[in-house]
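The values are calculated or read from the model by the stated rules, or taken from the named source; none is laboratory data. Keep in mind that this is a model prediction, so the values were computed, not measured. To get the accessible areas, we keep the full protein, side chains included, count just its heavy atoms, and leave off ligands, DNA and RNA. Shrake-Rupley method; radii C 1.70, N 1.55, O 1.52, S 1.80 Å.
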Amino acid sequence: MKRIGILSDTHSYWDDRYAKYFEHCDEIWHAGDIGDEAIIDRLETIAPVVRAVYGNIDGANLRRRLRPMEIFTTDGVKVVLTHIGGYPGHYAPGIRSRLDISMPQLFVDGHSHILKIMPDREFNLLHINPGAAGKQGWQTVRTLVIITIDAGAVKDAEVIELADPPTNKPRK
């Protein structure tokens, strides 16, 4: 059994709560738009395995270090991890053929800043977009996802909302 922490779209923003929520995870997956290599370096101090892909805002250093897509198997679950992927019924160009060839049980992407956890009956997989963990973008709630993989199946998914602490500004 493995616990996997999933995040995306940090856009160079580090929140100490990433470490708090992911400290008991066996792996951390970052679905791109990392922004700064230091984010990956810090995640590597939390979990024994960190898997990441670069996104459309990531510069040359991250593009040399990472690939645009990772396809791997962990605890019996085949995974496709990428940044721009779309979602069931609305996949980005090239994704449908990649899913058809790879036949994963789990497809993880980022980019939209919209949290989505949904099945795809056509490809017989679970799609996860963890939303955005950083502050860059239009999202009003920052999110992380933790899943449990056990004996070839995704057993559960927990969504964590990273609410910002209230400010002490006086009301008008």
Restricting the stretch 44-89 to residues that are in a loop (DSSP other than H, G, I, E, B) and charged (D, E, K, R), the one most open to solvent (accessible area, probe 1.4 Å) turns out to be Glu44
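If a residue must be assigned to a loop (DSSP other than H, G, I, E, B), over 23 Å from Asp75 (Cα atoms) and open to solvent by 60 Å² or more (accessible area, probe 1.4 Å), how many such residues does the stretch 20-43 contain?
First pass over the stretch 20-43, keeping only residues assigned to a loop (DSSP other than H, G, I, E, B): 23-26, 31-36.
Subset that is over 23 Å from Asp75 (Cα atoms): 33-36.
Imposing the further condition that a residue be open to solvent by 60 Å² or more (accessible area, probe 1.4 Å) reduces the set to 36.
Residues that pass the stated criteria total 1.
Against the definition (in a loop (DSSP other than H, G, I, E, B) and open to solvent by less than 30 Å² (accessible area, probe 1.4 Å)), how does Pro93 come out, yes or no?
On the way: in a loop (DSSP other than H, G, I, E, B): yes; open to solvent by less than 30 Å² (accessible area, probe 1.4 Å): no.
So Pro93 does not fit the description; no.
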Limited to the stretch 153-162, what total is found for residues that are open to solvent by 30 Å² or more (accessible area, probe 1.4 Å), under 14 Å from Gly5 (Cα atoms) and of a type in the set (A, V, I, L, M, F, W, C)? 3
Over the stretch 66-84, the set of residues under 14 Å from Ser102 (Cα atoms) and within 13 Å of the chain's Cα centre (by Cα) is Met69, Glu70, Val79, Val80, Leu81, Thr82
In the stretch 96-152, what count of residues is obtained for those that are among the aliphatic types (A, V, I, L, M), open to solvent by 10 Å² or more (accessible area, probe 1.4 Å) and not in a strand (DSSP E or B)? 5
Taking the stretch 1-19 as the search range and keeping residues that are open to solvent by less than 60 Å² (accessible area, probe 1.4 Å) and aromatic (Phe, Trp, Tyr), which one is farthest from Ile147 (Cα to Cα)? Trp14
